[in-house]
Amino acid sequence: MPFDVEAVRKDFPILAREVHGVPLVYLDSANTSQKPQVVLDTLTDFYANHNANVARAVHTLGSEATNAFEAARGKLAAFVNAPDRNEIVFTKNSSEALNLVAYALSNAATTIGAERFRIGPGDEIVVTEMEHHSNLVPWQLLCQRTGATFRWLRIGDTGPDGGRLVEDEIDTVITERTRVVAFVHQSNALGTINPVSRLVARARAVGALTVVDASQSAPHLPLDVQALGADFVAFTGHKMYGPTGVGVLWGRYDLLAGLPPFLGGGEMIETVDMTGTTFAAPPHRFEAGTPMIAQAVGLGAAVDYLSALGMENVAAHEHALLEYALPRLAEVEGLRIIGPATAVDRGATISFTLAGVHPHDVAQLLDEGGIAVRAGHHCARPVCVRYGIPATTRASFGVYTTTEEIDALVAGVRRVGEVFR
Ligand SMILES: Cc1ncc(COP(=O)(O)O)c(C=O)c1O
């Protein structure tokens, strides 16, 4: 089935609205995606017909809610090809999923049976210079708590194939001292798709754990956790056409089963008395308190929606958009793409600067023409520091993006340049 973008657009009610009297051109999906009607309907149906707490209530609604929540877990497992649905931990978002791993590792310091996860002085944690703060700050904090050393892989210059990791340094930065390698699959600031297998292979060779931040790849590429080969993979529902307030940590079952919990509370225990607590098996060990029930069910509907489109088709559609957009944007006078300038190993998120115009002014003027883009450091400030710029303007595409919208973006940016010149 060819990808029918006009049919897809009809699934997203918000795309019918106008902004400043003109049709909305939504090019900010890397920030958060819009939601198809089926996700909105699923949320309404859950609250209208099945709402109850999960895993606690014995009444009918309680079991309906529990079944819907656990069915969503199964859908997420299938979506990322996880071998076991109990490897899917629901979190608030990617940030919480990544913090969960970092805190569980430092909680190992005082947990009998978790000795193999202990991290301390002399150990090293490696990230990359292109991480979102959500996959950078938790590891800096882990280093502060444990005395481990924080290290990173650098990014190269911009240019035709710039904005990529300096791969020559992988073997010297990831060493026998490395305990964790945490890296982004697809950069939200640069669009770069990182060499996962190369990084995982090196980490494995030195016995380090790998944590992949798939926040920007899960909505756009077929994501297969078994093929990635990493130990943990985090992603967030709201960027993949699901609701806000729900994310996922996938982890290898044996690792999840060995890690101590991050948060304590209801439903994560095996037994509690006044002298101590033993913990439930994964995933419940990591889901303290009432979970994000409706949101998880909504995310289940979102991955059903994506699976019906076919992730190979989604990836091909967005790749075609990227190939269309890159040369057209590059032709705009004064425009510099921050990130790879070719469509190879790259997602459809394009950051750029425009000579003589602040990135926020570009975004503001585009908004006046109905075009929604993001400006700032995109929570990946070291990328801006690396390239000596305060911020970028970023256009990011999704399943509903059209070439006409890219034409509108190019024309809009050109107009902004003319106004400032
Ligand atoms: C690459 C990357 N990692 C992590 C996050 C954090 O996602 P959330 O804010 O949903 O936790 C984002 C969000 O922009 C992101 O782009």
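A short reminder: the numbers here are calculations on the coordinates, not readings from a lab. These figures come from a predicted structure and were not determined experimentally. Ideal geometry is used to build each Cβ from the backbone, glycine not excepted, and the neighbour counts take in all protein chains shown.
Other residues within the sphere of radius under 13 Å centred on the Cβ of ARG198, judged by their own Cβ, net out at -2 (K and R +1, D and E -1). As a proxy for reagent exposure, GLU312, GLU70 were ordered by neighbouring Cβ count within 10 angstrom, fewest first; the result is GLU312, GLU70.
Between VAL58 and GLU333, residue separation times 0.36 nm minus the direct Cα-Cα distance comes to 92.5 nm.
Among SER396, SER63, SER215, the largest mean-square fluctuation in a Gaussian network model of the chain (Cα springs under 10 Å) belongs to SER63.
Whole-Hz Karplus values for the stretch 178-191 come out as 6, 9, 9, 10, 10, 8, 7, 6, 10, 5, 6, 8, 10, x Hz, taken residue by residue from phi with 6.51 cos²θ - 1.76 cosθ + 1.60 and θ = phi - 60°; glycine and proline positions read x. A simple count of charges around GLU404, restricted to other residues whose Cβ falls under 13 Å of its Cβ and scoring Lys, Arg +1 and Asp, Glu -1, yields -1. Label-to-label distance for ALA257 and ARG177 is 3.4 nm, based on points extended 7 Å past Cα in the beta-carbon direction. Along the axis of the charge dipole computed for the chain (Cβ charges of +1 for Lys and Arg, -1 for Asp and Glu, origin at the Cα centre), the listed residues PHE117, ALA257, HIS50 are led at the positive end by PHE117. How far, in degrees from 0 to 90, does helix 196-205 lean away from the longest principal axis of the Cα atoms of the chain, to the nearest 10? Orientation of helix 196-205: about 30 degrees from the principal axis. The phi-based Karplus calculation (6.51 cos²θ - 1.76 cosθ + 1.60; θ = phi - 60°) puts the 3J(HN,Hα) values of the stretch 308-317 at 5, 5, x, 5, 5, 5, 4, 4, 5, 4 Hz, whole numbers, x for Gly and Pro. Assuming charge only on the beta carbon of Lys and Arg (+1) and of Asp and Glu (-1), the dipole of the chain about its Cα centre is about 740 debye to the nearest 20. Compared with the direct C-alpha span, the chain from VAL206 to ALA320 gains 37.2 nm at full extension, assuming 0.36 nm per residue. Each label point was placed 7 Å from the Cα along the Cα-to-Cβ direction; for GLN140 and VAL272 their separation is 3.4 nm. Taking amide H positions as modeled 1.01 Å from N, with prolines and chain starts lacking one, the residues under 5 Å from THR210 and 5 or more places away or on another chain are VAL181, ASP231, PHE232.
On the beta carbon distance between ALA227 and GLU418, with R0 = 51 Å, the FRET formula returns roughly 0.60. If you run the Gaussian network model on the chain, springs between alpha carbon atoms under 10 Å, then out of ILE125, ILE88, ILE269 the most flexible one is ILE269. Between ASN49 and ALA355, the FRET efficiency estimated from the beta carbon spacing at R0 = 60 angstrom works out to 0.60.
Dividing the summed helix terms, -39500 (n - 2.57) for each DSSP H run of n ≥ 4, by the number of residues in the chain produces a 222 nm estimate of -11000 deg cm²/dmol to the nearest 500.
Scaled to the globular estimate 2.2 N^0.38 Å, the Cα spread of the chain, given as radius of gyration, is 1.00.
With R₀ set to 45 Å, the beta-carbon distance separating VAL38 from ASP157 gives a calculated FRET efficiency near 0.55. Available extension along the chain between ASP345 and SER307 is 11.5 nm, counting 0.36 nm per residue and deducting the alpha carbon span. Within the shell of other residues whose beta carbon sits under 13 angstrom from the beta carbon of PHE286, the net charge comes to -1, with Lys and Arg scored +1 and Asp and Glu -1. Most tightly packed first, judged by the mean number of other beta-carbon atoms within 10 Å of their residues, the peptides 337-343, 151-157 read 337-343, 151-157.
A Gaussian network model of the chain, with springs between Cα atoms under 10 Å, assigns the largest mean-square fluctuation among VAL206, VAL25, VAL362 to VAL206.
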